[in-house]
Amino acid sequence: MSRALLDTSVVVACTEEWADLLDPTIEAAISMVTLCELHHGVLAATDEDRPVRLRGLDWARHNLEALPVDDRLAPRFGQLMVEARRATGAKPEFADTLIAATAMTFGLPILTRDRDFRVFQGIEVVLV
């Protein structure tokens, strides 16, 4: 695995722990959805938590390519949403499905700490 898409949960963990969570040989990218979630996290944070969230947002913006959410994702989003719902009976999270569609569109595995991504078929999900 030389390139991977980081889920928001991994970006947050990287910025909070700064540990050797990520293999340095992996070229990491994020979905624009993750960048949106990080911005939301800064604005929604308490005064106590905001500096850590802001540091994470800044790290992501300067170190990771944000892959676009565009019309190429739309058919994959629909496919993933329908297949996941049929498989589980539950509707997957909208943001998670867009992140999964980003991974599928760009042919990347998802590195995540969120087991919910396992519901998406046709995408390599790596729990870290």
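No lab work stands behind these numbers, since they all come straight from the coordinates. The structure displayed is predicted, hence computed values, not measured ones. Glycine gets a Cβ as well: all are built from the backbone with ideal geometry, and neighbour counts include every protein chain shown.
When the helix-only estimate is applied to the chain (DSSP H runs of n ≥ 4, each -39,500 (n - 2.57), divided by the residue count), what is the mean residue ellipticity at 222 nm, nearest 500 deg cm²/dmol?
-16500 deg cm²/dmol
Among D58, D47, D116, rank each residue by its count of other Cβ atoms within 10 Å, from fewest to most, as a rough exposure measure.
The order, fewest Cβ neighbours first, is D47, D58, D116.
For the stretch 56-62, take each phi angle, set θ = phi - 60°, evaluate the Karplus expression 6.51 cos²θ - 1.76 cosθ + 1.60, and give the result in whole Hz per residue in order, putting x for glycine and proline.
x, 4, 4, 4, 5, 5, 9
Helix 32-44 sits at what angle to the longest principal axis of the chain, using alpha carbons and giving 0 to 90 degrees rounded to 10?
So the helix axis and the longest Cα principal axis differ by about 50 degrees.
Using alpha carbons only, how many degrees (0 to 90, rounded to 10) separate the axis of helix 73-88 from the longest principal axis of the chain?
With both axes taken from Cα atoms, the answer is about 70 degrees.
Give the whole-number value, in cubic angstrom per residue, of the convex hull volume spanned by the C-alpha atoms of the chain.
Measuring per residue, one finds 100 Å³ for the Cα hull of the chain.
Putting +1 on Lys and Arg Cβ atoms and -1 on Asp and Glu Cβ atoms, find which of F77, I99, L35 reaches farthest to the positive end of the dipole of the chain.
Comparing the listed Cα positions along the dipole, F77 ranks first.
If we sort 39-45, 120-126, 107-113 on the protection proxy, mean other Cβ atoms within 10 Å, highest first, what's the order?
The packing order, highest mean first, is 107-113, 120-126, 39-45.
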